[in-house]
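Notes follow once the structure below has been shown.
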Amino acid sequence: MPQAKAPLSGQVVLITGAASGIGAATALEVLAQGGLPVLVDCDAEPLAQMAQRCGPGTLQLVADVTSLAAMEDAVAHTLAHHGRIDAVFANAGVAAFGPLAHVDPQAWKRCVEVNVFGVFNTVRAALPAVVQARGYVLINASVSSFAHPPVMSAYAASKSAVEAMGNSWRIELAAHGVDVGVVHAGWVRTPLVTEGALHPGFVRLRATMPGPLNAETSAEDAARAIVRGMAQRRSRIFIGRWLRLLFALRSLLHLPFAERELRRAAPEIEAIYLEGLEAEGALASSFGPRERERTLARERHSP
């Protein structure tokens with residue numbers, strides 16, 4: 001019996017945020033399904049470690065998605081190395097945490113820059129090659145694109161924008177033979193979620209959510225769903241079985257009855273945040289450890 005062809009056999013898939021979390025797990029799953037992952041991330045050391053896990057010859061590119069020029073360079077290197085891009089997964093993202101009155105403004109802005117402009121820059125840079133391949137664009141919108149938690153306004157706003165961009169691009173690019181998918185993931189065990197658990201206010205926020213809405217998925221299971229959707233060129237990929245229903249009921253999520261528990265918890269979450277603000281400062285309270293270090297590194301190297 002002839003062996004079945006791997007779903008992504010020979011396809012070149014450019015992935016941002018590929019050094020950890022969903023991006024890293026997706027890179028390994030792309031590889032397992034016959035594809036050639038191209039790893040893009042702003043953190044050089046973990047990116048190099050991830051490239052080693054993917055095997056010899058894996059292309060790794062250090063780039064900040066908030067720079068269009070950097071993403072154009074990453075695409076140029078990919079084309080020089082592989083000659084094509086069949087799919088792009090704009091996955092890189094960060095989260096800012098804090099009430100409107102107290103969150104660090106630069107942290108709020110950075111969240112939007114990475115999550116919105118980073119997606120734009122990634123897709124814009126890769127688009128000519130993806131059009132030529134009549135390929136696939138996938139962007140990570142999260143459940144926060146339609147369920148908007150308090151003290152995470154930058155993240156919710158940015159992910160809502162990402163979903164809107166995907167919906168618009170899906171219509172635009174259909175005539176060019178390009179399909180566009182949007183990932184809606186719930187709680188996935190990634191560094192972003194792990195770092196969030198270090199903040200008592202984030203822990204209190206999650207405590208407002210009933211069991212099914214608080215369930216976690218492993219990055220590996222998320223990656224399997226993502227790559228399966230990629231191979232099938234789906235328009236939406238849900239990570240968490242309950243999310244499809246929640247998506248269908250999204251118009252109800254911000255009616256008073258649905259917000260009741262969050263409204264009760266919001267003053268306590270704000271009080272917890274203010275304790276951290278006094279003890280650790282605005283930046284530490286607004287960002288997790290990795291993005292805090294990136295911010296400090298940018299400040300050290302800025303003229």
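The values are calculated or read from the model by the stated rules, or taken from the named source; none is laboratory data. This is a predicted model, so every value here is computed, not measured. Positions of Cβ are generated from backbone atoms using ideal geometry, with glycine treated the same way; all protein chains shown enter the neighbour counts.
Output yes when any residue across segment 84-91 is over 30 Å from PRO200 (Cα atoms) and either basic (Lys, Arg) or in a helix (DSSP H, G or I) (or both), and no when none is. Yes, the conditions are met somewhere in segment 84-91. Please indicate, with yes or no, whether at least one residue in segment 104-115 is within 16 Å of the chain's Cα centre (by Cα) and within 27 Å of LEU36 (Cβ to Cβ). Looking through segment 104-115, at least one residue is within 16 Å of the chain's Cα centre (by Cα) and within 27 Å of LEU36 (Cβ to Cβ).
Exactly one residue out of VAL114, VAL88, VAL94, VAL103 is over 15 Å from GLY17 (Cα atoms) and buried (at least 22 other Cβ atoms within 10 Å of the Cβ), and it is VAL103.
For the structure I just gave you, tell me whether ARG244 is under 30 Å from GLY177 (Cβ atoms), of a type in the set (D, E, K, R) and surrounded by 13 or more Cβ atoms within 10 Å (Cβ to Cβ). When the stated conditions are applied, ARG244 does not pass them. Within segment 209-224, track down each residue that is at pLDDT 75 or above and among the polar types (S, T, N, Q). Correct list: THR217, SER218.
Do we find that GLN33 is in contact (Cβ under 8 Å) with a residue 60 or more places away in the chain and either within 21 Å of SER218 (Cβ to Cβ) or surrounded by fewer than 19 Cβ atoms within 10 Å (Cβ to Cβ) (or both) in this structure? For GLN33, the condition - in contact (Cβ under 8 Å) with a residue 60 or more places away in the chain and either within 21 Å of SER218 (Cβ to Cβ) or surrounded by fewer than 19 Cβ atoms within 10 Å (Cβ to Cβ) (or both) - is met. Residue-level check: of (1) free of Cβ contacts under 8 Å to residues at least 40 places away in the same chain; (2) of a type in the set (D, E, K, R); (3) buried (at least 20 other Cβ atoms within 10 Å of the Cβ), ARG189 misses just (3).
Selection of segment 154-181 for residues being under 21 Å from ASN214 (Cα atoms), modelled with pLDDT of 95 or more and either hydroxyl-bearing (Ser, Thr, Tyr) or not in a helix (DSSP H, G or I) (or both) yields only SER160. Against the list (1) outside any loop (DSSP other than H, G, I, E, B); (2) free of Cβ contacts under 8 Å to residues at least 40 places away in the same chain, the condition GLY57 fails is (1).
For the criterion of being more than 22 Å from ARG224 (Cβ to Cβ), in contact (Cβ under 8 Å) with a residue 60 or more places away in the chain, among the small types (Gly, Ala, Ser) and in a helix (DSSP H, G or I), ALA126 passes.
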